[in-house]
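Q: Below is one structure. I have some questions about it.
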Amino acid sequence: SDVLLLEAISKTYGKGGPAPVPVLSDLSLRVGRGEVVALVAPSGAGKSTLLHIAGLLDTPDTGRVLLDGQDMTGQSDKARTEARREALGFVYQFHHLLPEFSAIENIVLPQLANGVAGNAAHARARDLLERVGLSHRAEHRPAQLSGGEQQRVAFCRALANGPKLLLADEPTGNLDPATSDRVFDVLMGLVRDTGLAALIATHNPELAARMDRVIQLDVRQG
Ligand code: ADP
Ligand code: ADP
């Protein structure tokens, strides 16, 4: 069964105005359970737009977005926010960790916000940190961690609430090539371990080739 199904999505910015920008037209894609799909796109092809639509931050002009079989098209903002919190994990090129909190607190806080008890949240955060090899960094703040370590903490935070789908935008894009490679291995291990479905945007063809499937977006000519 599909964790994410985009059905015939179209999106044009500035529709009806003097300079419409057609970005996605009649695009369909699926990400199955446990499947890791690479999203490869030249700049301007609509990668961010697609990730925003899949992440329920934006809506398509036409087409449907199904998350774990549930049609999210036309749902209220409240329902979409709830689905984001419960079913989706996000990783960005830059970690966006809270600077005044430790690594473990950054993984605990989203769980507390979701109603998880403190003890359980800490146990899960410790388990995730161990999986990414950062048990010894739990009490450090982001600024005390290397770039690769910061991204690994960000992966843990994305998985803190047990999402069904991970959406990642160049998750190792700000790291040097060797670190990127190692940190990507950690991410793939984490995703495989948890049986998570993932849609991972990358410019790196070698990283894309290590995923189950590659979806290539092309730039549309208006
Ligand atoms: P990518 O992430 O692949 O670089 P985007 O999804 O950010 O592409 O954008 C795709 C195209 O849509 C680009 O040409 C961009 O300039 C245009 N675009 C993005 N957002 C807007 C917007 N809010 N209004 C008008 N054009 C936009
Ligand atoms: P990398 O080898 O990934 O480039 P760095 O050379 O930046 O990492 O850092 C090496 C180690 O030192 C890392 O384990 C990092 O957590 C630690 N470290 C870096 N800066 C600090 C700091 N200000 N306080 C404590 N530990 C730090």
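Each reported figure results from applying straightforward, stated rules to the coordinates on display, with no laboratory input. Everything numeric in this text was worked out from a predicted model, so none of it was measured. Cβ: placed from backbone, ideal geometry, glycine included. Neighbour counts: every protein chain shown.
Q: For the chain, give the share of DSSP beta bridges that are antiparallel, in percent and rounded to the nearest 5; count only bridges with both residues there.
A: Restricted to the chain, the bridges split so that about 45 percent are antiparallel.
Q: Taking the 0 to 90 degree range and rounding to the nearest ten, how far is the long axis of helix 147-159 tilted relative to the main principal axis of the chain, both from C-alpha atoms?
A: Taking Cα atoms only, the helix is inclined about 70 degrees.
Q: Measuring from centroid to centroid over Cα atoms, what is the spacing of region 53-83 and region 169-222 in Å?
A: Here the two parts' Cα centres lie 24 Å apart.
Q: By how many degrees, between 0 and 90 and to the nearest 10, does the Cα long axis of helix 103-113 differ from the longest principal axis of the chain?
A: 60
Q: By average Cβ neighbour count within 10 Å, what is the ranking of 26-33, 2-9, 113-120, 60-67 from highest down?
A: Going from most to least packed, we get 2-9, 60-67, 26-33, 113-120.
Q: Also, quick follow-up: Would you mind counting up the charge near LEU57? Only other residues with Cβ under 9 Å from its Cβ, with Lys and Arg at +1 and Asp and Glu at -1.
A: Taking every other residue near LEU57 into account, the sum is +1.
Q: While we're looking at this one, here's another question. Normalise the Cα radius of gyration of region 1-99 by 2.2 N^0.38 Å (N = residues in it) and let me know the number.
A: 1.13
Q: Compute the Rg/Rh shape ratio of region 1-42: radius of gyration over Kirkwood radius, all on alpha-carbon atoms.
A: 1.13
Q: Using a Förster radius of 22 Å, what is the FRET efficiency between ARG33 and ARG64 based on their Cβ-Cβ separation? Nearest 0.05, please.
A: So the FRET efficiency works out to roughly 0.70.
Q: Loop by DSSP (not H, G, I, E, B), at most 14 other beta-carbon atoms within 10 Å: where is the longest site-free stretch of the chain for chymotrypsin sites (Phe, Trp or Tyr not before Pro)?
A: 102-222
Q: Test of understanding: express the Cα radius of gyration of region 79-201 as a ratio to 2.2 N^0.38 Å, with N the residue count.
A: That works out to 0.97 for region 79-201.
Q: Rounded to whole Å and ordered largest first, report the semi-axes of the equivalent ellipsoid of region 159-200 derived from its Cα gyration tensor (root of 5λ).
A: Values for region 159-200, descending: 20, 11, 7 Å.
Q: Please enumerate, by chain and number, the lysines with C-alpha under 24 Å from the C-alpha of LYS15, excluding those fewer than 8 residues away in the same chain.
A: Partners within reach: LYS47.
Q: Out of all Cα-Cα pairs in region 33-148, roughly what percent, to the nearest whole number, are more than 21 Å apart?
A: Counting pairs separated by more than 21 Å, the tail of P(r) holds 52 percent.
Q: Let me ask something additional. Please list the three semi-axes, largest first and in whole Å, of the ellipsoid equivalent to the chain, using sqrt of 5 times the eigenvalues of its alpha carbon gyration tensor.
A: Sorted largest first and rounded, they come to 30, 20, 16 Å.
Q: Give me the number: length gained by fully extending MET188 to GLU100, i.e. 0.36 nm times residue separation minus the C-alpha to C-alpha distance, one decimal in nm.
A: Result: 28.9 nm gained on full extension.
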